[in-house]
Amino acid sequence: MSAGYSGTTLAKKLGIKEGNTLLFYNRPDHYWDLFSDVPEHIKELKKVTREEADFIQVFCTSVDELYTQIPIYKTALKKTGMLWVSWAKGVLKYLRILKESL
């Protein structure tokens, strides 16, 4: 399954590459079912480990949760890594504008 209408695969859109170390907060059970192209040799961390993750994705349902979790998970990000913040459809209308200082 490709993500969206563009034909670009989800892993490519997110920037997940072969050999990456991944870390998630509150990852949905069906997350990997959304991919048609899971890169090989990825490693999923089970806990926050300082500057070890190439890719972090947090799934939050409130601004308070976001403000609590981002500082914790940000410590695990490598200098060259990326952090994605995601929320379920419909939650966005309840989130107030976020400060860039997260």
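Yes or no: region 50-65 includes at least one residue that is at pLDDT 95 or above, touching a Ser or Thr at 6+ places or on another chain (Cβ under 6 Å), among the hydrophobic types (A, V, I, L, M, F, W, C) and surrounded by 16 or more Cβ atoms within 10 Å (Cβ to Cβ).
Looking through region 50-65, at least one residue is at pLDDT 95 or above, touching a Ser or Thr at 6+ places or on another chain (Cβ under 6 Å), among the hydrophobic types (A, V, I, L, M, F, W, C) and surrounded by 16 or more Cβ atoms within 10 Å (Cβ to Cβ).
Just the residues that are of a type outside the set (Val, Ile, Thr) and in a loop (DSSP other than H, G, I, E, B), please, taken from region 8-27.
Scanning region 8-27 gives Gly15, Lys17, Glu18, Gly19, Asn20, Asn26, Arg27.
Collect the residues in region 13-49 that are among the basic types (Lys, Arg) and exposed (fewer than 15 other Cβ atoms within 10 Å of the Cβ), keeping them in residue-number order.
Lys13, Lys17, Lys43, Lys46, Lys47
Among the candidates Val38, Val58, which residue alone is on the phi < 0 side of the Ramachandran plot and in a strand (DSSP E or B)?
Val58
Cβ-Cβ below 7 Å, separation at least six or inter-chain, first residue in region 29-46 and of a type in the set (D, E, K, R), second part of a loop (DSSP other than H, G, I, E, B): which pairs?
So the pair list comes out as Asp37/Thr9; Glu40/Glu18.
Which one of the conditions (1) surrounded by 12 or more Cβ atoms within 10 Å (Cβ to Cβ); (2) in a loop (DSSP other than H, G, I, E, B) does Ile70 fail to meet, given that it meets all the rest?
Of (1) surrounded by 12 or more Cβ atoms within 10 Å (Cβ to Cβ); (2) in a loop (DSSP other than H, G, I, E, B), only one is false for Ile70: (2).
The values are calculated or read from the model by the stated rules, or taken from the named source; none is laboratory data. Predicted model only: the values in this text are computed from it and were never measured. In this analysis, Cβ positions are derived from the backbone assuming ideal geometry, glycine residues included, and neighbour counts consider all displayed protein chains.
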